[in-house]
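One structure is given below, encoded as structure tokens.
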Amino acid sequence: MKRTISGKWLTALVVVGVLGLTACTTGNNEVYYQMSDAKTLQASFNGEWTVNRQVVDTARLEVGPTLRVRLPEAYLLDLCTTAQSGVLSQMEPTGLPVEIATTSQGYTAEANFSSFGTVTEHYGSVVYYKPVSFTAVADGALHRIDILSTEKGNAVRTTDSGAWTIGISIGGLAVTNLYTQEQSIRQLPAPITLYYNTTERIR
């Protein structure tokens, strides 16, 4: 029996369609992901990270029990760079992929919907989700950069082609020196939405 999905997920599907979810090159129309009574198949894709429809990076997506993809680290570190914390401009990304564990939110005949990022934390009067984090090095010290969002991250997989879109709203970033545990917060003037769209299936 198919589960129904809430209005916000139907809206999300429309938004994904408007943004031009790219179909992947694949002949397999039976790719299922974390669905009840369906088999999980592994796959690899090439894809693009975009902001305001402008490509900011490319990365490979590995689909399995989780989603593994490298974030557009250089772009995100640029967001961190401020006059109040000059060390951030010297940070070098480690280039390691993040692992995203998704939770199914429902599906239609056209797409499967899931979310990720259940950890929340208070920063002042604002409660943020932490959908994903990545690491970078500055002055020989490893730093963790947490993306802060007022909503969970979303992932959508189209049923016919197996193409994926990942959406992450960014309201700020928390930078933590893992050696000293010193933390700085970079809140953005306005939220930025980061999208990952698969462009080609390679396995």
Open item on the list: So Thr150 ticks every box in (1) out of contact with any Gly (no Cβ under 8 Å at 6 or more places or on another chain); (2) more than 19 Å from Pro72 (Cα to Cα); (3) open to solvent by 40 Å² or more (accessible area, probe 1.4 Å) but one. Which box is left unticked?
Closed with: (1)
- [ ] With the checklist (1) modelled with pLDDT of 50 or more; (2) more than 23 Å from Ile185 (Cα to Cα) in hand, flag the one item Val98 doesn't pass.
- [x] (2)
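Please specify each residue of region 159-174 satisfying the condition of being part of a loop (DSSP other than H, G, I, E, B) and of a type in the set (Ser, Thr, Tyr).
Initially, region 159-174 is screened for residues part of a loop (DSSP other than H, G, I, E, B), giving 159-163.
Within region 159-174, Thr159, Ser161 meet the criteria.
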Task: Failed criterion for Ala109 (all others in (1) open to solvent by 30 Å² or more (accessible area, probe 1.4 Å); (2) of a type in the set (A, V, I, L, M); (3) closer than 18 Å to Ala174 by Cβ; (4) over 15 Å from the mean Cα position of the chain (by Cα) hold) - done: (3)
TODO: Go through (1) open to solvent by 10 Å² or more (accessible area, probe 1.4 Å); (2) in a strand (DSSP E or B) and name the single condition Gln181 misses.
DONE: (2)
Open item on the list: Can you tell me which residue is modelled with the lowest pLDDT among those in region 158-170 that are of a type outside the set (S, T, N, Q) and open to solvent by 10 Å² or more (accessible area, probe 1.4 Å)?
Closed with: Asp160
Open item on the list: Scan region 54-65 and tell me whether some residue there is open to solvent by 20 Å² or more (accessible area, probe 1.4 Å), in contact with a Ser or Thr (Cβ under 6 Å, 6 or more places away or on another chain), farther than 16 Å from Gly171 by Cβ and assigned to a loop (DSSP other than H, G, I, E, B).
Closed with: no
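A quick yes/no check of all residues on (1) open to solvent by 60 Å² or more (accessible area, probe 1.4 Å); (2) over 23 Å from Pro72 (Cβ atoms); (3) free of Cβ contacts under 8 Å to residues at least 60 places away in the same chain; (4) basic (Lys, Arg):
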position	(1), (2), (3), (4)
Thr103	yes, yes, yes, no
Thr120	yes, yes, yes, no
Pro131	no, no, yes, no
Val156	no, no, no, no
Gly172	no, no, yes, no
Val175	no, no, no, no
Ala190	no, no, yes, no
Tyr195	no, no, no, no
Open item on the list: Can you confirm whether Ser89 is surrounded by 16 or more Cβ atoms within 10 Å (Cβ to Cβ) and either in a helix (DSSP H, G or I) or modelled with pLDDT under 95 (or both)?
Closed with: no
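The values are calculated or read from the model by the stated rules, or taken from the named source; none is laboratory data. Note that the structure is a prediction, hence the values are computed from the model and not measured. Here the Cβ is made from the backbone with ideal geometry for all residues, glycine too, and neighbour counts use every protein chain on show. Accessible surface areas use protein heavy atoms only, side chains included; no ligands, DNA or RNA. Shrake-Rupley method; radii C 1.70, N 1.55, O 1.52, S 1.80 Å.
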